[in-house]
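Asker: This is the structure I have questions about; it appears just below.
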Amino acid sequence: MGLYHPSREDLELAAVLHALSDPQRLRIVQALAEDSEPRRCGTFGLDITKSTLTHHFRILREAGIIEQRCEGTAKLNSLRREDLEERFPGLLDAVLQSAAVPA
């Protein structure tokens, strides 16, 4: 069975905002925004268990923020920037910019 990815038209603002509200998930999205190459799940340097990391990736994928594709036993992650920008213009950049501002 393939991984579920919502279509661009099915992206929901509430799901996207919920996914981006978690600090760990936001760190994943920030890292993906800085790197145009897809990244393996274990390369984000988060100090959390593998099952928690898998949970965070699932939330991001099901909200439509990231795309995951399998390559062997690894999952490669990339940001769905074009889909997000088309559906919610400026949202991702606004969230990333506000998250980068020190509190």
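Please treat every number below as a calculation from the coordinates, not as lab data. Please read all numbers here as calculations on a predicted model, not as lab measurements. Please note: Cβ atoms are built from the backbone with ideal geometry, for glycine as well, and neighbour counts cover all protein chains shown.
Asker: With mean projected area of the Cα convex hull in nm² defined as stated, name the option among [x] 9.5; [y] 5.6; [z] 6.8 computed from the structure displayed.
Answerer: [z]
Asker: Which FRET efficiency, nearest 0.05, do residue 13 and residue 73 yield, Cβ-Cβ r, R0 41 Å?
Answerer: Here the calculated transfer efficiency is 0.75.
Asker: Now a separate question. Relative contact order (percent) for the chain, with alpha-carbon contacts under 8 angstrom and 6 or more residues of separation?
Answerer: Taking the mean separation of contacting Cα pairs over the length of the chain, I get 33 percent.
Asker: With each label point set 7 Å from Cα along the Cα-Cβ vector, what nm distance links residue 55 and residue 37?
Answerer: 3.1
Asker: Mind listing the long-range amide H neighbours of residue 66? Cut-off is under 5 Å, sequence gap 5 or more, other chains count too, H placed in the peptide plane at 1.01 Å from N.
Answerer: Residues meeting the criterion, in which the H sits 1.01 Å from N, are 61, 80.
Asker: Oh, and also: Any chance you could run the full-extension gain for residue 88 through residue 62? It's 0.36 nm times the residue separation minus the Cα-Cα distance, nm to one decimal.
Answerer: Values: separation 26, 0.36 × 26 = 9.36 nm, distance 1.63 nm.
That pair, residue 88 and residue 62, stretches by 7.7 nm at full extension.
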